[in-house]
Amino acid sequence: MTPLHIRAFTATSCIGRGLPAMLESLRAQRSGLMPCNFETVTLETYVGEVPGVDDVRLPAELRRFDCRNNRLAQFGLEEDGFIDAVSASVSRWGGRRVGLFLGTSTSGILDTEVAYRQRDPATGALPASFDYAGTHNSYSLAAYVRALLELEGPSAVVSSACSSSAKVFGSARRMIAAGLIDAAVVGGVDSLCLTTLYGFHSLQLVSRNPCKPFDVARDGISIGEAAAFALIERPPDSLDRDAILLLGIGESSDAYHMSSPHPEGCGARAAMLQALATAGLTPQDIDYVNLHGTGTPSNDSAEGKAVAAVFADRAAAVAASSTKGATGHTLGAAGSVEAVICALSLRHGLLPGGANTRQVDASLGFEYLCANRQRPIARALSNSFGFGGSNCALVLGRAC
Amino acid sequence: MLTAYLQGVGLIGPGLPDWRTGAPAIAGGEPYTPQPTVIPVPEGLPPAERRRTGATVKLAVSVAQQAVTDAGIDPEGLPAVFSSSGGDGLICHEICQTLASADRQVSPTRFHNSVHNAAAGYWSLATGATAASTALCAFDGSFAAGLLEALALVTVDRQPVLLSAYETSYPEPLRATRPLPDSFAVALVLTPAAGPNPRARLAVSLRDGATADRLSSPQLEALRAALPAARSLPLLRLLARREAGEVVLDYLDGQRLAVEVRECR
């Protein structure tokens, strides 16, 4: 594929609002996971809650979109000059030539859950203030961001569970390559809600402790929330040395099970190999792998096998980690959050050690970083896998 | 301009059990008699998986099977675009109801079936398809968003693609806030090369500010206006009539999709 320039990017999660705060937390190997005190949830678990989301106010004319998910989107968009970068892109190309592709798994469902507690006792009706299209529908995220950023190009939400906001890069790439648009805003926003907290709990996939991906004693995920965005365009004729490029993308399906990965990681392996192939790279070109690494025994085992198979005899030389011990699993936002973390890694030469992991699973065929490492790197691979066997891998790199 | 050859069509809607049966009514040659949509049981799923699937997955997978059979194409290597204006409304309602109750014991099967990409997941289980699939939503523009994504895949990556666009209706109380009257689904198989027997050639482009085409039959127009997947009906009418021409379909605020149908057989 033709590389695409990631002209601007930003992320907000429980380890910080905006890039400087995220970077500082990664440098300190600080986890943002805290004992769950969210809403009325009574589960014994840790969550990655973003402080301050409740206080966010949407612009008055867009009040119909008011829900936790769109507040988190607003909170994230305000950082790192992202809105100005998008405005400049709209001025350059025209609003109709800028697409919008965002990932979310649950959109504004929290507000529906609360509305279900407030049903009219006589009729069963939801409160009159409930706005289905503005908050509940999966597309409400993109409808809000499209209105806020005054974008008029093609737009869709990808909702393929935990691969959602990695796959948006693929949709944007195809639309740019097809000549429909010149630039795209991509990203993902998922916010804490009872559906995912109680749902993952029912599947016995949630840890009681802060998640510890790839640890021998890993015992489940910690759910987080996040908003992450990137502005991507065709590269200009000359790029700064620290410019970040999207070099490759691979997508596959497991065809194995709805909520468990293929035990050998077949689909994951196919996605990584395709990402490398579209980038025109081989495994030895990759300096760092940001693993999906959710912290469940079966997910990490399958991904470990897939990474070992892809990197084969070079596996011992590749450095890899999951940053979910720091951020929690941000579900539909994870793909974009971790693409942004890879972009930070490339820009600052920081290979982030995975937080919380103490004793790495000895069966891994590659080096799992428990401590940060500082060295210049050129290319990073980011994995995102979701329910339904939906896999996506991205390759990002520095311009030189 | 994005182009693709149409190889197969699937259709399930009110009084429209499949494409072959429904096409004459959509073409206008036969009267259209609305009947509640009958959702078939899809083939290929192991019995345990079949028992776990809800109406939305059955609808999306069945209509996809129709299109793949019509195209005579092996689904195993076929990338797929699933697009729906909502997930499974009944499952969503049941989860919200449980979470509003005292015990909050969500059913694990219901939870993993609640994801928007459940249909894509079960499709790959039913067919063994390991190619990429995606699950999109663009509210009332979900059919056009899916068609655009599918055409981009065909045009840019030179791959054959399955598109399945579908919705089922919500139960109360969500139904009052999103009144979808019944279930509707349409599926298309699109390829970069003509092959021996294409149904038509499609060319798709964005169209600013135009209004979407309407249908002359009041009943079919009511269907088109009420159900996002049925926003495809102006295109299906050309295909059913085996006519070349251009239609404009609903997409986003201020943005429509123009579909030119050529070489229609």
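Remark: A:Leu180 falls outside the filter, which requires a residue to be touching an Asp or Glu at 6+ places or on another chain (Cβ under 7 Å) and not in a helix (DSSP H, G or I). Considering the stretch B:171-186, and only residues there that are at the interface with chain A (Cβ under 10 Å from one of its Cβ atoms) and in contact with a helix residue (DSSP H, G or I) (Cβ under 7 Å, 6 or more places away or on another chain), the residue that is least open to solvent (accessible area, probe 1.4 Å) turns out to be B:Leu174.
Being away from every other protein chain (no Cβ under 14 Å), open to solvent by less than 10 Å² (accessible area, probe 1.4 Å), in contact with a helix residue (DSSP H, G or I) (Cβ under 8 Å, 6 or more places away or on another chain) and closer than 30 Å to B:Pro79 by Cα is a condition met by no residue of the stretch A:200-213. Taking (1) over 19 Å from B:Val156 (Cα atoms); (2) assigned to a strand (DSSP E or B); (3) at the interface with chain B (Cβ under 9 Å from one of its Cβ atoms) in turn, A:Ala156 satisfies each apart from (1). Every residue in the stretch A:303-326 that is out of contact with any helix residue (DSSP H, G or I) (no Cβ under 6 Å at 6 or more places or on another chain) and part of a helix (DSSP H, G or I), please. Within the stretch A:303-326, A:Gly304, A:Lys305, A:Val307, A:Ala312, A:Asp313, A:Ala316, A:Ala317, A:Lys324, A:Gly325, A:Ala326 meet the criteria.
The rows are residues; the columns are (1) in contact with a Phe, Trp or Tyr (Cβ under 8 Å, 6 or more places away or on another chain); (2) of a type in the set (Gly, Ala, Ser).
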{"position": "B:Pro34", "(1), (2)": "no, no"}
{"position": "B:Pro40", "(1), (2)": "no, no"}
{"position": "B:Glu43", "(1), (2)": "no, no"}
{"position": "B:Ala48", "(1), (2)": "no, yes"}
{"position": "B:Ala60", "(1), (2)": "yes, yes"}
{"position": "B:Asp74", "(1), (2)": "no, no"}
{"position": "B:Asp88", "(1), (2)": "no, no"}
{"position": "B:Cys96", "(1), (2)": "yes, no"}
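Would the stretch A:73-91 turn up any residue that is at the interface with chain B (Cβ under 10 Å from one of its Cβ atoms), open to solvent by 10 Å² or more (accessible area, probe 1.4 Å) and more than 30 Å from A:Thr278 (Cα to Cα)? No - not one qualifying residue is present in the stretch A:73-91. In the stretch A:214-245, of all residues being outside any loop (DSSP other than H, G, I, E, B), within 19 Å of A:Leu291 (Cβ to Cβ) and more than 14 Å from chain B (Cβ to nearest Cβ), the one that is farthest from the chain's Cα centre (by Cα) corresponds to A:Asp215.
For the residues A:Leu126, A:Leu151, the requirement of being of a type in the set (A, V, I, L, M, F, W, C), assigned to a loop (DSSP other than H, G, I, E, B) and more than 7 Å from chain B (Cβ to nearest Cβ) singles out A:Leu151. Comparison of A:Ala334, A:Ala315 shows that the only residue that is in contact with a strand residue (DSSP E or B) (Cβ under 9 Å, 6 or more places away or on another chain) and at pLDDT below 95 is A:Ala315.
Residues are listed down the side, and each one gets a yes or a no for (1) within 27 Å of A:Arg373 (Cβ to Cβ); (2) outside any helix (DSSP H, G or I):
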{"residue": "A:Thr2", "(1), (2)": "no, yes"}
{"residue": "A:Ile6", "(1), (2)": "yes, yes"}
{"residue": "A:Phe9", "(1), (2)": "yes, yes"}
{"residue": "A:Thr12", "(1), (2)": "yes, yes"}
{"residue": "A:Arg27", "(1), (2)": "yes, no"}
{"residue": "A:Ser31", "(1), (2)": "yes, yes"}
{"residue": "A:Glu39", "(1), (2)": "no, yes"}
{"residue": "A:Thr42", "(1), (2)": "no, yes"}
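So which residues in the stretch B:123-139 are facing chain A (nearest Cβ under 7 Å), within 24 Å of A:Tyr139 (Cα to Cα) and either open to solvent by 20 Å² or more (accessible area, probe 1.4 Å) or touching a residue at least 60 places away in the same chain (Cβ under 8 Å) (or both), if there are any at all? Passing the criteria: B:Ala132, B:Ala138, B:Phe139.
Remark: pairs (first residue in the stretch A:227-251, under 21 Å from A:Trp93 (Cα atoms) and at pLDDT below 95; second residue among the small types (Gly, Ala, Ser) and assigned to a strand (DSSP E or B); Cβ separation under 9 Å; 6+ apart in sequence or on different chains) = A:Arg234/A:Ala183. Residue count for the stretch B:28-79, restricted to those that are closer than 30 Å to B:Gln219 by Cα and crowded, with 18+ Cβ neighbours inside 10 Å: 20. Among residues of the stretch A:266-287 that are over 19 Å from A:Pro376 (Cα atoms), those with a beta-carbon under 7 Å from a residue that is open to solvent by 70 Å² or more (accessible area, probe 1.4 Å) at least six positions away or on a different chain give the pairs A:Gly267/B:Thr130; A:Ala270/B:Thr130. Criterion applied to A:Arg96, A:Arg30 was being among the basic types (Lys, Arg) and more than 14 Å from chain B (Cβ to nearest Cβ), and the one residue passing it is A:Arg30.
Just one of the listed residues (A:Ser165, A:Ser107) is part of a helix (DSSP H, G or I), modelled with pLDDT of 95 or more and open to solvent by less than 20 Å² (accessible area, probe 1.4 Å), and it is A:Ser165. If the requirement is being at pLDDT below 95, within 14 Å of chain B (Cβ to nearest Cβ), at negative phi and open to solvent by less than 40 Å² (accessible area, probe 1.4 Å), which of these qualifies: A:Phe387, A:Phe366? Only one candidate passes the filter, namely A:Phe387. Candidates are the residues of the stretch A:281-307 that are within 21 Å of the chain's Cα centre (by Cα) and among the charged types (D, E, K, R); the one that is surrounded by the most Cβ atoms within 10 Å (Cβ to Cβ) is A:Glu303. Only one of the numbered conditions (1) out of contact with any Asp or Glu (no Cβ under 8 Å at 6 or more places or on another chain); (2) assigned to a helix (DSSP H, G or I); (3) open to solvent by 10 Å² or more (accessible area, probe 1.4 Å) is not met by A:Leu141, and that is (3).
The values are calculated or read from the model by the stated rules, or taken from the named source; none is laboratory data. If you're wondering where the values come from, they're calculated on a predicted model, not measured in any experiment. We place every Cβ from the backbone using ideal geometry, glycine too, and count neighbours over all the protein chains shown. Ligands, DNA and RNA are excluded from the accessible area calculation, which covers all protein heavy atoms including side chains. Shrake-Rupley method; radii C 1.70, N 1.55, O 1.52, S 1.80 Å.
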